[in-house]
1. Leaving ligands and nucleic acids out of the surface, order B:LYS132, B:LYS168, A:LYS619 by accessible area at 1.4 Å, largest first.
2. Using the beta-carbon distance between A:PHE28 and A:ARG390 and R0 = 60 Å, what value does 1/(1 + (r/R0)^6) give for FRET efficiency, to the nearest 0.05?
3. Between A:ALA341 and A:ALA20, how many nm apart are label points set 7 Å from Cα along the C-beta direction?
4. Order A:LEU80, A:LEU75, A:LEU282, most accessible first, counting only protein heavy atoms with a 1.4 angstrom probe.
5. As an exercise, use a Förster radius of 25 Å and the Cβ-Cβ distance of A:GLU515 and B:GLU89 to find the FRET efficiency, rounded to the nearest 0.05.
6. With charges set only on the Cβ (+1 for Lys and Arg, -1 for Asp and Glu), what does the dipole of chain A come to about its Cα centre, in debye to the nearest 20?
7. Going down the table (A:LYS389/B:LYS146; A:LYS619/B:LYS220; A:LYS311/B:LYS132; A:LYS330/B:LYS132; A:LYS470/B:LYS99; A:LYS218/A:LYS430), which pairs top 26 Å between alpha carbons?
8. Specify which residue in the list A:GLN274, A:THR550, A:GLN343 is farthest towards the positive end of the charge dipole of chain A, using unit charges on the beta carbon of Lys, Arg (+1) and Asp, Glu (-1), about the Cα centre.
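The values are calculated or read from the model by the stated rules, or taken from the named source; none is laboratory data. None of the values given here were measured: they were computed from a predicted structure. When we count neighbours, we look across all protein chains shown, and the Cβ atoms used for this are built from the backbone with ideal geometry, even at glycine. The accessibility values were calculated without ligands, DNA or RNA, using every heavy atom of the protein model including side chains. Shrake-Rupley method; radii C 1.70, N 1.55, O 1.52, S 1.80 Å.
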Amino acid sequence: MKVLHSWLQDYVGPALPDAAAVAELLTFHAFEIDSVTTVADDAVLDVDVLPNRAADALSHRGIARELGTILSAPLVYDPLREQIAVTKTDRVTVDIADAAACPRFTAAVITGVTVQESPEWLQERLRVVGQRPINNLVDATNYVMYALGQPLHVYDADKFPAAHHTWQFSIRYARPDETIELLAEGEHGTDRTVTLTGTELIIAEGSSDTPIGLAGVKGGRFAEVHAGTKNIIIEAAHFDPVLIRQTARRLGIVTDASKRFENAPSRELPLYAQREIGQLILEIAGGEQGGVVDAYPNSIAATPVMVTLEKVNSRLGLSLTATEVQALCKRLGATVEESAADQFLVTAPWERTDLVIEEDYIEEVGRLHGLSNIQAVLPEVVPLREINKRQYYSDRMRTALVQAGFSEVITTTFQKKGDIQLQNALASDKRYVRQTLQKNITAVLDANSVHTDLLGLPAVRVFEIGTVFKRSETGITEHLSLALGARTKGNGYSPKDDALLSEGCAAIQTALGVELPWEGAAGTAELNVSAVLPELPTPQAYEPLPEMPTVTYAPISPYPAVARDIALFVTGNETPEEVQAVLRATAGELCVRQTLFDTFSKEGRTSYAFRLVFLSHVKTLTDSEVNTIMERVYTGAAERGWEVR
Amino acid sequence: METPLGHQHPLSRMISEINNIFSSLGFVFAEGPEAETEYYNFDRLNVPADHPSRDMQDTFWFRGKDVPEPTVLRTHTSPVQARYMDAHEPPLRIIAPGKVFRNEATDATHEAQFYQVEGLYIDKGVHLGHLKGTLEYFFSKFFSGKTEVRFRPSYFPFTEPSVEVDMKLLEGNSKLVGKWIEVMGAGMVHPKVLTDAGIDANTFSGFAFGVGIDRLGFMKYGVEDIRDYYSGDLRFINQF
């Protein structure tokens, strides 16, 4: 959520440090800061409010209170601690069908307002938090939501039927196939009509039973304010979070309001928001307060939580005193009552609906005291109770296969086609899960067989150890599978591949020491490892890890490699390594590989044949560029007396 | 041409290394299914249906007609915690490395499938300091250099308190030396997660952490694109 430094200042006052310091404090005591930017002479902090704090901290007052707590500085203005003096009205009636779905519904009447543009300061604040200014009434509802976290809605009171000189609200479930006309979403949206299923909670105009709003999600077209609006009713309510969430998700209308409601802000909040918006509207739209109706059939009292000093310290690894823990709880605004030695009954301030168990307070104490005070302690070492058979034998198979020249791949679980379909895959090539590894292994062989020169490999040999799925009568089952693949030619399977494959299978046979039921298909072989594991002896200890050299990965060039062969007679008894070094030096940096592929001796002379592979990371190399380099290589060889064949 | 040695995949190689480090502290390598029930993937981790915390992980679901109870491709390795706690009495120490899935668009830093390792330590008197100590030990071994760890406040439904973990390598030649890097989420196991597994949350406490192994590879080897791990491209794998 975007938060303005100057707006925070309204609440925190002179104790508020500069934006960088605010960001630092929030980062280490409360929330991550995604960015800090400057707009005009103000700073905007993008605060990543944690999901459990969406109820109280998706608002400027909430962030300000958090800073007040961290700084141990009381707010200079706290709209949630103001005295509420409500003038009741009997001109508004509220009928709530289900108090669990709508625990509270308040409506305030203001008469004689003038619709116009909001003052510039208010428009500017809305723009900075990402909200387009519309008119002073709508802006006021948005402003108070960003200020206090309570979503609000404003109705044109004169659009209601003038029945009995009362405004009648009915909060009920929708009827199946009932329709509602909703207001546009955002700047480019258009109004839309939604057909309801009957599970949604709606606000209806009571005398005509017409739906006028989708409760907690979106206002309706029915009583939309317009340029000529004179009299208004402002709604501030509390709805069941699960219900709001289900409705918003199912209809695909996730709004700033629904996001706040689904996180269960306090049921006490609506009247404080009414007070705030009432004052604001009088200031920017004129008019007169016409009283408030407060239907609150379902209130909940904050439950005190027992916090024990021993548990606080034993979970955090700290040695705080009772006085310190009490002081930290009080800084939160909680009331603390000592119930026994080193035990306190703590009651959260009403807006902190997230504080419900002792561990919640332990977290608060930890972060306010400072997580940096927690000292690292290594747990006492205990003997290993169990060797994981699957991991043990997987590593054993890996070692055997790597020795036999096979490289390990890990491929996608998702397939374009198959028998086991997912309910909700995003992409069409991720619709199914794999039932074998062989298909992926074949694709890997195809893709790599064109790179054998660059890789310096006579053939591509790969394997994968991974989970595959099967459909059975009892549901979806899965097992660990091993697949091997080999490819000697660039243009697909050839019978020669099977010989390489057998070497891999033999290596596994040796590593596991049992007969194995391989399943094969052109150039690949697959084994159900899970089925074999029970036959294998229980390992007593993990084998030592093979040597792990330090690797710094270099990105793959997107350009093709070019290969050239050179065969030469050396003058004396130069080793292949010496020849290779010369070739590398004369060919330069673009020559990324020199592979010896043939050696023979004739009449006392030795011939070496090397394949040189050229690759650029910035372009496709042309024939003539490579020819120029090869000329240099020939010259270099000739200078050493080597005869290029 | 002689047959050169093959190469182990960096992810499985890191898992072997992680296991090597944690087994030296007595952490058992535990495992669970990739096709996981909603019950273990969410409910048992204090992530109830229709709760906003479900939004933290976009989920692949199996079709209702294929499975006897709602089943997902596990979105994290955390369900292994609950499964292991069901089958074992505390004290217990486990790591659970494995493949996890998120239903989201892919780019250089996001994949619909990636690897995580879960850690769990439950005993009498386990506290956040033990988490810090264990992670400093792990990172120092894994990155071959003394490493410092710091915590920032965070939220996960299955831990309370929850922390975000940053690490800083204090020595060595890596370009990471001297920089704070955000690496993982962790915290003290939520009492509900313990209680649901039949463990007395007053007697026992524990820490849990979950870290992306792919991301550890970014730091350890300088890998820049997560998709390279799953490309099957030997030009990538044979560098390891």
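1. Of B:LYS132, B:LYS168, A:LYS619, the descending order of accessible area is A:LYS619, B:LYS168, B:LYS132.
2. Plugging the Cβ-Cβ distance into 1/(1 + (r/R0)^6) gives 0.90.
3. Here the answer is 5.0 nm between the modelled labels.
4. Result, largest first: A:LEU282, A:LEU75, A:LEU80.
5. Efficiency, rounded to the nearest 0.05: 0.05.
6. Dipole of chain A, to the nearest 20 debye: 1540 debye.
7. Beyond 26 Å between Cα atoms: A:LYS389/B:LYS146; A:LYS619/B:LYS220; A:LYS330/B:LYS132; A:LYS218/A:LYS430.
8. The one lying farthest along the dipole's positive direction is A:THR550.
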